[in-house]
Amino acid sequence: MSLTELFIIAVGLSMDAFAVSVCKGLSVQRLKLGHALTCGVYFGGFQGLMPALGYLLGSQFQNVIVKVDHWIAFILLGIIGINMIRESRDTDAESLDSSFGFKAMLPLAVATSIDALAVGVTFAFLRVEIGPAVSCIGVITFLLSAAGVYIGGAFGDRFQGKAELAGGVILVLMGSKILLEHLGFLG
């Protein structure tokens, strides 16, 4: 696999994490470098970890993973999106630490990296050098996720409550899109 092909795969895999990072940036009242680094580390780390795990699992579990990855992403993104929608209606101020904490970031990182697990299984069949591949995927996702937080943060000051509502709707729609694509309803 060429470096160009790997780069394209990495960018494609990172798009879900980028979109979620934009949503996270939208909900921030005062953007800090730590917010961008947190998203970058979680999303970049999991996007690098999942293909490595997929590579190790190899072909023996390919059918199981491919059959349920869309359901896992749909359920996780749906739950997270519904919670964001609910929180957008809550008038109490929410701590930024909790929204970027472990409980908030772990499910997002897992949900946005499920497809990367299946890609890792494919890498095993293609005999891709897994070290450079997962490094490339992780670094690109880190950079795009960190940038996404800043992009979202640029718009967050003006649209705080509505931005969180929009972010929740986007996550629910993203989960639905993943499910519908895998069920064959979207091309």
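Odds and ends about this structure:
- Accessible-area value, Leu165, 1.4 Å probe, nucleic acids and ligands omitted, Å²: 60 Å²
- Spacing of the modelled spin labels on Ile82 and Gln29, each 7 Å from Cα toward Cβ, amounts to 2.8 nm.
- Each peptide in 121-132, 11-22 was scored by the mean count of other Cβ atoms within 10 Å over its residues; highest first, the order is 11-22, 121-132.
- Were the residues from Ile8 through Leu37 laid out at 0.36 nm apart, the gain over their Cα-Cα distance would be 8.2 nm.
- Cβ-based net charge around Phe123, under 14 Å, with every Lys or Arg adding one and every Asp or Glu removing one: -2
- Gain upon complete extension [Met15, Val169; 0.36 nm per residue less C-alpha separation]: 53.8 nm
The values are calculated or read from the model by the stated rules, or taken from the named source; none is laboratory data. If you're wondering where the values come from, they're calculated on a predicted model, not measured in any experiment. Neighbour counts are summed over all protein chains in view; Cβ atoms, including those assigned to glycine, are modelled from backbone coordinates with ideal geometry. Side chains included, ligands, DNA and RNA excluded: accessible areas come from the protein's heavy atoms. Shrake-Rupley method; radii C 1.70, N 1.55, O 1.52, S 1.80 Å.
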